[in-house]
Amino acid sequence: MKRFLGILLLCSLAAAQDQVITPRRTIRLFNGKNLDNFYTYLKPTKYEDPKKVFTVRGGVIHISGEELGAVITKEAYRDYHLIVEWKWGGKAWPPRENRARDSGILVHSVGEDGAAGGIWMESIECQIIEGGCGDIILVNGKNKPSLTVETRVGANKELYWHKGGTPVRKDSGRFDWYGRDEAWQDKLGFRGRQEVEKPLGQWNRSEVICDGDSITNLVNGVVVMHGTKASHTAGKIQIQSEYAEILVRKAELRPLRHRR
């Protein structure tokens with residue numbers, strides 16, 4: 001019986017892997033018209049969106065930020081080059097109306113919707129926050145996603161990505177992008193001395209390259225973070241609603257060049 005159950009489990013895992021898509025051509029997650037490739041999830045109302053937090057207007061996904069939640073791909077993906085073009089809107093909501101505008105791109109999202117705090121799926125977050133765009137956050141669900149990053153320790157005792165630095169493996173918390181200001185403050189409009197995010201109202205380009213168990217983040221063409229030995233290597237993709245208005249005009253997956 002145990003052998004039978006083991007074979008059944010292996011067959012189930014193989015079937016699940018078959019359902020994960022590896023892009024062989026460009027996949028337009030956002031088609032410019034609607035959210036047909038996505039579904040939405042909000043902490044207070046789950047799969048219903050009575051406040052219209054997520055809408056499409058003028059070829060742009062408008063995320064009001066009024067409630068905590070995410071727009072989530074219906075399909076799961078692995079080994080890809082994700083490109084998201086976004087900019088902040090003007091609105092910030094309580095309790096973060098005077099704090100840094102916050103959102104994020106969550107990759108390798110698995111398990112149940114709302115497993116993390118009743119809001120997001122278990123995943124690895126490529127952070128979008130004023131002053132911290134490019135950080136990595138490990139979003140726990142049933143399991144703890146983990147990642148290894150070469151680091152330096154800042155004067156504030158936080159870990160910053162530093163190529164050639166000390167490898168550190170974490171299964172919770174955050175790795176800071178290399179240029180995050182050590183005097184970062186959680187306040188609206190914060191900008192650091194080495195900022196690569198563009199000023200409010202201008203379009204930004206976030207890129208996430210997922211190649212096997214490695215993750216590389218680029219912001220406006222600059223590599224700001226690299227991690228290896230990721231525990232999660234496939235899953236859905238989430239874009240957060242987190243008390244700040246954010247607009248998305250492009251979300252697409254491209255095949256990795258060496259895997260075409």
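The values are calculated or read from the model by the stated rules, or taken from the named source; none is laboratory data. Note that the coordinates shown come from a computational prediction; the quantities given were computed from them, not determined experimentally. Don't worry about glycine lacking a Cβ; one is built from the backbone with ideal geometry, like all the others, and counts go over all protein chains shown. Accessible surface is based on the protein model in full, side chains and every heavy atom, while ligands, DNA and RNA are left aside. Shrake-Rupley method; radii C 1.70, N 1.55, O 1.52, S 1.80 Å.
Of all residues in the range 128-149, those satisfying the criterion of being under 18 Å from R191 (Cβ atoms) and not in a loop (DSSP other than H, G, I, E, B) are I128, I129. Take G179 and tell me if it is open to solvent by less than 20 Å² (accessible area, probe 1.4 Å), of a type in the set (G, A, S) and farther than 26 Å from E75 by Cα. Yes. Each residue in the range 93-124 was checked for being assigned to a strand (DSSP E or B) and either buried (at least 22 other Cβ atoms within 10 Å of the Cβ) or at pLDDT below 95 (or both), and 11 pass. Among residues of the range 28-60 being outside any loop (DSSP other than H, G, I, E, B) and basic (K, R), the one that is surrounded by the fewest Cβ atoms within 10 Å (Cβ to Cβ) is R57.
Selection of first residues in the range 224-236 that are over 22 Å from I21 (Cα atoms) and of second residues that are assigned to a strand (DSSP E or B) and polar (S, T, N, Q), restricted to Cβ pairs under 6 Å at least 6 apart or on distinct chains, gives the following pairs, ordered by first then second residue: V224/N217; M225/N217; H226/T216. Scanning the range 220-240 for residues that are of a type in the set (D, E, K, R) and out of contact with any His (no Cβ under 9 Å at 6 or more places or on another chain) yields a single hit, K229.
Of the residues A234, A251, the single one that is closer than 26 Å to E122 by Cβ and open to solvent by less than 10 Å² (accessible area, probe 1.4 Å) is A251.
Selection of the range 79-92 for residues being on the phi < 0 side of the Ramachandran plot and open to solvent by less than 50 Å² (accessible area, probe 1.4 Å) yields Y80, H81, L82, I83, V84, E85, W86, K87, W88, G89, A92.
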